[in-house]
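The block underneath contains the structure these notes are about, expressed in structure tokens.
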Amino acid sequence: MAPKTMKSRTKSPSRLRPRLRSEPATVRKTGSKVARSVPVNKMAKAPFRGKPLSRREVSELRKMLEQERDRLMAELETMEEHAPEVEEQVGMDIGGGYDEDLADVASSTFEREKSVALETSVQHTLTQVEEALQRIEDGTYGRCLRCGNPIDFARLKVLPYATLCIRCKELEEKSSR
């Protein structure tokens, strides 16, 4: 390693260290132009990155969303067909008309709670799919709702109702911990 020279020691430490993310933007003159460094933590002012979806990609994703909507609606219908059986079991448990073991009552209660949770999850996913289809109609599909940058096609292919780009989703998950 080469020894440090006197010149390198005389430079001010502030010019050598990188600017921290929380530091405000600075203005410096470079010749006759003024250069402005942009703060990294300002998501709204992040430069446009990525390419918007093509018509073919949107068409492919619309088809995927419509198939997913049909699948979820069929699943909800199936759940509703089994709902009378669950209601009948509730009447038996509450009424105590049968001599049931406490474990049997707990097991049937668990099954009812599980079916309610599954139905709620399917309804939530169906709502997200319908909102994504509406965004396609509005012309806003494929854009991150937080920063406005395009959402990568590969991400939308895996999760076609995604509303955030990978970067914003990671930030959201970090902040929720």
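Please treat every number below as a calculation from the coordinates, not as lab data. Being a predicted model, the structure only gives us computed values, none of them experimental. For neighbour counting, all protein chains shown are included, and Cβ atoms are generated from backbone atoms with ideal geometry for every residue, glycine included.
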Which ³J(HN,Hα) values in Hz, rounded to whole numbers, follow from the phi angles of the stretch 161-172 under the Karplus curve 6.51 cos²θ - 1.76 cosθ + 1.60, where θ = phi - 60° and Gly and Pro get x? 9, 5, 10, 10, 6, 4, 4, 5, 5, 4, 4, 5
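Taking the beta-carbon count within 10 Å as an exposure proxy, list Cys147, Cys165 from fewest neighbours to most. Working shown, then result.
Numbers: Cys147 19, Cys165 23.
So the ranking, lowest neighbour count to highest, is Cys147, Cys165.
To make sure I understand, if each residue's beta carbon is the centre and we count other beta carbons within 10 Å, what order do Val122, Val129 fall in, fewest to most?
Values: Val122 17, Val129 22.
Exposure proxy ranking, most exposed first: Val122, Val129.
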Amide H proximity to Arg143 below 5 Å, modelled H, separation 5+ or other chain, gives Ile151
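If Lys and Arg each add +1 and Asp and Glu each add -1, what is the summed charge of the other residues whose beta carbon sits under 15 Å from the beta carbon of Asp70?
Working: positive: Arg62, Lys63, Arg69, Arg71; negative: Glu66, Glu68, Glu75, Glu77, Glu130.
Taking every Cβ under 15 Å from that of Asp70, the sum is -1.
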